[in-house]
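Comments concern the structure below.
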Amino acid sequence: MARQPAPPWVHAAFLLCLLSLGGAIEIPMDPSIQNELTQPPTITKQSVKDHIVDPRDNILIECEAKGNPAPSFHWTRNSRFFNIAKDPRVSMRRRSGTLVIDFRSGGRPEEYEGEYQCFARNKFGTALSNRIRLQVSKSPLWPKENLDPVVVQEGAPLTLQCNPPPGLPSPVIFWMSSSMEPIAQDKRVSQGHNGDLYFSNVMLQDMQTDYSCNARFHFTHTIQQKNPFTLKVLTNHPYNDSSLRNHPDMYSARGVAERTPSFMYPQGTASSQMVLRGMDLLLECIASGVPTPDIAWYKKGGDLPSDKAKFENFNKALRITNVSEEDSGEYFCLASNKMGSIRHTISVRVKAAPYWLDEPKNLILAPGEDGRLVCRANGNPKPTVQWMVNGEPLQSAPPNPNREVAGDTIIFRDTQISSRAVYQCNTSNEHGYLLANAFVSVLDVPPRMLSPRNQLIRVILYNRTRLDCPFFGSPIPTLRWFKNGQGSNLDGGNYHVYENGSLEIKMIRKEDQGIYTCVATNILGKAENQVRLEVKDPTRIYRMPEDQVAKRGTTVQLECRVKHDPSLKLTVSWLKDDEPLYIGNRMKKEDDSLTIFGVAERDQGSYTCVASTELDQDLAKAYLTVLGRPDRPRDLELTDLAERSVRLTWIPGDDNNSPITDYVVQFEEDQFQPGVWHDHSKYPGSVNSAVLRLSPYVNYQFRVIAINEVGSSHPSLPSERYRTSGAPPESNPGDVKGEGTRKNNMEITWTPMNATSAFGPNLRYIVKWRRRETREAWNNVTVWGSRYVVGQTPVYVPYEIRVQAENDFGKGPEPESVIGYSGEDYPRAAPTEVKVRVVNSTAINLQWNRVYPDTVQGQLREYRAYYWRESSLLKNLWVSQKRQQASFPGDRLRGVVSRLFPYSNYKLEMVVVNGRGDGPRSETKEFTTPEGVPSAPRRFRVRQPNLETINLEWDHPEHPNGIMLGYTLKYVAFNGTKVGKQIVENFSPNQTKFVVQRTDPVSRYRFTLSARTQVGSGEAVTEESPAPPNEATPTAAYTNNQADIATQGWFIGLMCAIALLVLILLIVCFIKRSRGGKYPVREKKDVPLGPEDPKEEDGSFDYSDEDNKPLQGSQTSLDGTIKQQESDDSLVDYGEGGEGQFNEDGSFIGQYTVKKDKDETEGNESSEATSPVNAIYSLA
């Protein structure tokens, strides 16, 4: 059920109750009614019955009451009127009956001790407080006494009596030494409930201190100390050997006779104890004996109440809290040691001061109504009941024919206004009393509505709801409900009217919406109120979150889609484990979902979507299970210790919802690699114990890692260490090699053995070698490292090598021989009969005669060809002469060199290569590559200045590869999937521009341009014209401006002037450059070039025909600088052949991938006059 909340005071509104003899009226808490209605006095606050005060403070005795009109107060002391006005120290607080006794001007608080009672009175009756017994706190001094030393035999029992002075309230007792050190207590020495200190048996160490009883008083916060006791212990073993304190038979070791237990408190075998109901029962048994007895507690005929019983003082006391009648019976304590046992029986009787069964309540009646006051109490013994009216015994009160007393009940019939009074019920027995006030008030009030008028109540469809109509009146009004101001009284069927006037609608339907009127009527009049009821659709989650299982670190989304009444504000919130969910940085809350990014273990739990409006809510719950890495294994234990094995056992950690699939056992040793962990073995996730095979002479330490589908756990804490005994090695080092690092040595290397294969201390290696296929004796040496160099060896001679492991326990097995070679020297001979056959414009075949094996002086690695482009057949074309290389691995006689430049002159030399390096060069061979097809034209540009024409521009090919015959342009118009007829145009080699007249302003054009030599057309480049106006429409103004500017005379003149200035500047620069140029002579040994050639990064070079010759050996860059031609054929650069790649036949394929060096500016050769015109053309 859901409805609009009512104001808080309405929830405490008027209720109707029917008693068996008539109706009783309860006054509503509405302040306006409370202030209007008359009411007899009611005591609201008073001091406790036993009121103990601090003598240093003023005395305060509380008494407060309410009533209408406000009551007046007076007091009695010891049952006599207490005249406050006659005592200047006593005053009463304003609008209160609280007494204040002030001692600032003198006086003794003890003079005011006694029994006080407060009376609150107005014209409708008198109410009484409890009888308050006022006592002043006392903390008397301890009597002076001289205590003789207490002499006792070791092993005997002892009681040190405290006997504290009587205080009010009783002081707290504790024992200390005279140096204010607490006395240590245990089951042998302990303090009883009466404050005495009990020794079950005295030991010699007990006389090392004295014993003083201390009493702490509550009110004064003072501590009184008794003169200390001094012990003198007589013993047969005078030396206090502290080592005997923990001796298993301490008493016999000290010569103390053992004896059976006996009770020190209480005396004898039986005692009795009385306790009041609701108090704590404390039973105590303290026994002596040697050894110290143990105490156990039992109840005859049943078990101790486990929920209320607890043991104190080392089991010597049993406390049962909040005692009730069923706790009475016989309890016994059993004291036992190895000499025997005794028991003491305590008979417990539970008595009771009076306690309420039915406390009288205020009675409010209408004129002529009946009622009754009930005062029922119980106790042990049975309490007596005494009635009073307005503080006087009922027997002495004026007779009232409408009142009848029947024991604990007063019956009222046909009450009238004159029947108003306050009645007191006093029930008492020998253990205490109870006093209760209850007034009888007769009211005559017409009906009144207590809730605001015309309330709006909104409820959810199909729910049960109640319409409240709180009212008040005396006599009690009758209430009726009507809907929409017409029809009969609503009651029955789907409606039910409660006695308090509330109307319940059992199941709300749409047709129940409307205005409801409640009418209250009594003999004095009537009152009415209206409630408007609106019916709303329920809130429902129609797509609920589902249970999910996610790996740690993934993203999870929980859906929650809601349907609700659109007139109500919807709020969607989330709970985690039934607590509000904090939406942090890793979470995103949307209207219909909750997303969790980077799921962690702490995200696991139940998630509840709460869709709520101000009237109702709906819940949907899902559980998120997070699969995490397992927790680390723990509690590693080594058992079954053997020479070569040990059993490792561990306790698995939590698998975090993903079963453990494997365990990895790792080990660490502290000799060769301390702190480094190695994998030892792997086991299935179902085991937690394994037998580990161990190597000799290793100081092992183990740890375990658990693995599941999510990942690996943190390693466990290491186990304890276990060292195995030593043994000779069972293996030798691996990867034994013999290689020369110089032409006259051989370096023997091997992989050193690790800690698990050393098997003993001082691991070392016996290295042996001798020349192969000779019968010379073995050379040997002992090495501690992992290498040894044999010197003074012949060039590239095979050797037999052996490396054997040895430790302090012996040698390893006899090793196998390994073949190694001494150092290599440079080859002595070059390939002969080198023949070159040109295959095509970019490749050649090579053939040569192999060298004799003895001239290689090492292992033949490859034959290598060094070649370089000497010049181009195009005159005055600058080329890079950087040396390239092609490798032919193994002992071969032929190979192919590819990716050469067409139409060029090349030179080539061959060498033999072994592990040391290159041999001497062969005779230089020259060859020429034929003409080829050119590369693609550079920087092909398509511009559309207007809708009628398209301008095409391009640059010459980067590699003409022959004599250029011209260019071929193919273009075709297309519009979507429609393609027009292809048009072909041929141009001269000097033409680099063309203008296309558009025939179709809508279509686009695709242009394909290629250069050609007499061999054929080269690589083509394709571009498309810009999009037509309907696809990317430029404004008319913009298009016209473009065309206009390009055709303006001033623009053309400006461009010509700039071009003339640049031309003059370039001519001056080239003239100066030609006068100061360098002319190095290049022979067989070329001048070393810079490391790279700027032209060779993309293989580019400039070209011209015979009418436009560029400056040979130089290239002018766009910024006006001149870059010089270089060549590089030094032996250092021979080794740079790694910059290229080779085909399977050994041909070089890397000529076009040479790196570029921006510093390459020197080393050009030039034999022709420098022409500024040629230089400018090369720039273009």
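The values are calculated or read from the model by the stated rules, or taken from the named source; none is laboratory data. Nothing here was measured: the structure is a model prediction, and the numbers come from that model. Methodologically, a virtual Cβ is constructed for each residue, glycine included, from the backbone with ideal geometry; neighbour enumeration extends over all protein chains shown.
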Query - Answer residue from the range 255-299, given it is in contact with a Leu (Cβ under 9 Å, 6 or more places away or on another chain) and of a type in the set (Val, Ile, Thr) and is nearest to VAL152 (Cα to Cα) among those - result: ILE295
Report task. Inspect all residues belonging to the range 697-717 and state whether any of them is within 30 Å of THR749 (Cα to Cα) and among the polar types (S, T, N, Q). Result -> yes
**Report entry** Meets criteria (in contact (Cβ under 8 Å) with a residue 12 or more places away in the chain and buried (at least 18 other Cβ atoms within 10 Å of the Cβ)) for PRO157
**Finding:** yes
Report summary line: Among (1) part of a loop (DSSP other than H, G, I, E, B); (2) under 21 Å from GLN39 (Cα atoms); (3) not aromatic (Phe, Trp, Tyr), LYS382 falls short only on (2)
Query raised in the report: Scanning the range 97-143 for residues that are outside any loop (DSSP other than H, G, I, E, B) and polar (S, T, N, Q), which turns out nearest to the chain's Cα centre (by Cα)?
Result: GLN135
Query raised in the report: Are any of the residues in the range 649-658 part of a strand (DSSP E or B), among the small types (Gly, Ala, Ser) and surrounded by fewer than 19 Cβ atoms within 10 Å (Cβ to Cβ)?
Result: no
Query raised in the report: Applying the selection to the range 369-378, what residues are part of a strand (DSSP E or B) and in contact (Cβ under 8 Å) with a residue 60 or more places away in the chain?
Result: GLY371, ARG372, LEU373
Query - Residues being in contact (Cβ under 8 Å) with a residue 40 or more places away in the chain and exposed (fewer than 13 other Cβ atoms within 10 Å of the Cβ) - total across the range 482-504 - result: 1
Report task. Evaluate the following for PRO920: is it surrounded by fewer than 17 Cβ atoms within 10 Å (Cβ to Cβ), within 30 Å of MET746 (Cα to Cα) and touching a residue at least 40 places away in the same chain (Cβ under 8 Å)? Result -> yes
Query - Looking only at the range 938-991, and only at residues there that are more than 28 Å from TYR903 (Cα to Cα) and aromatic (Phe, Trp, Tyr), the one that is surrounded by the most Cβ atoms within 10 Å (Cβ to Cβ) - result: TYR971
Query - Single residue of the range 698-743 satisfying the filter (among the hydrophobic types (A, V, I, L, M, F, W, C) and touching a Ser or Thr at 6+ places or on another chain (Cβ under 7 Å)) that is farthest from ARG764 (Cα to Cα) - result: VAL710
Report task. Need at least 2 residues that are surrounded by 17 or more Cβ atoms within 10 Å (Cβ to Cβ) and not assigned by TED's automatic domain parsing to the domain that holds PRO383 per element, so show me which strands (runs of 3 or more DSSP E) inside the range 316-368 make the cut, counting only ones lying wholly within it. Result -> 317-320, 329-337, 340-358
**Report entry** Answer from GLU559, GLU546, GLU528, GLU511 - the residue that is without any contact (Cβ under 8 Å) to a residue 24 or more places away in the chain and surrounded by fewer than 20 Cβ atoms within 10 Å (Cβ to Cβ)
**Finding:** GLU511
Query - the range 942-958, subset of a type in the set (A, V, I, L, M, F, W, C) and touching a strand residue (DSSP E or B) at 6+ places or on another chain (Cβ under 6 Å), residue farthest from PRO989 (Cα to Cα) - result: ILE950
Requested in this report: Quick one: which residue in ARG448, ARG453, ARG420 is within 19 Å of GLY125 (Cα to Cα) and touching a strand residue (DSSP E or B) at 6+ places or on another chain (Cβ under 8 Å)?
Outcome: ARG420
Query raised in the report: Would you call SER817 more than 59 Å from the chain's Cα centre (by Cα), more than 22 Å from LEU860 (Cα to Cα) and of a type in the set (Ser, Thr, Tyr)?
Result: yes
Query - Residues satisfying the stated conditions in the range 300-334, i.e. within 53 Å of the chain's Cα centre (by Cα) and among the charged types (D, E, K, R) - result: ASP303, ASP307, LYS308, LYS310, GLU312, LYS316, ARG319, ASP327
**Report entry** Hits in the range 271-293 - residues which are out of contact with any strand residue (DSSP E or B) (no Cβ under 6 Å at 6 or more places or on another chain) and crowded, with 17+ Cβ neighbours inside 10 Å
**Finding:** THR292
Query raised in the report: Hey, ILE476 hits all of (1) modelled with pLDDT of 90 or more; (2) within 30 Å of GLN530 (Cα to Cα) but one; which does it fall short on?
Result: (1)
Query raised in the report: In the range 428-464, which residue that is among the polar types (S, T, N, Q) and either free of Cβ contacts under 8 Å to residues at least 40 places away in the same chain or surrounded by fewer than 21 Cβ atoms within 10 Å (Cβ to Cβ) (or both) is farthest from GLN46 (Cα to Cα)?
Result: ASN463
Report task. Scan ILE33, ILE52 and give me the residue that is assigned to a helix (DSSP H, G or I) and either surrounded by 15 or more Cβ atoms within 10 Å (Cβ to Cβ) or within 59 Å of the chain's Cα centre (by Cα) (or both). Result -> ILE33
Query raised in the report: Assuming PRO164 fulfils every condition listed in (1) outside any loop (DSSP other than H, G, I, E, B); (2) surrounded by 15 or more Cβ atoms within 10 Å (Cβ to Cβ) apart from one, which condition is it?
Result: (1)
**Report entry** Test result for LEU304, in contact (Cβ under 8 Å) with a residue 12 or more places away in the chain and either closer than 17 Å to ARG343 by Cα or among the hydroxyl-bearing types (Ser, Thr, Tyr) (or both)
**Finding:** yes
Query raised in the report: Hey, does the range 312-327 have a residue that's small (Gly, Ala, Ser) and either in contact with a helix residue (DSSP H, G or I) (Cβ under 9 Å, 6 or more places away or on another chain) or over 30 Å from GLY67 (Cβ atoms) (or both)?
Result: yes
Report summary line: Turns out the strands (runs of 3 or more DSSP E) fully within the range 167-222 with at least 2 residues that are among the β-branched types (Val, Ile, Thr) are 172-176
Requested in this report: Would you be able to say whether some residue in the range 593-615 is of a type in the set (Gly, Ala, Ser) and in the same structural domain as ASN708 (by TED's automatic domain parsing)?
Outcome: no
Report summary line: Only unsatisfied item for SER841, checking (1) out of contact with any strand residue (DSSP E or B) (no Cβ under 7 Å at 6 or more places or on another chain); (2) farther than 30 Å from ARG899 by Cβ; (3) outside the structural domain of ASN744 (by TED's automatic domain parsing); (4) polar (S, T, N, Q), is (2)
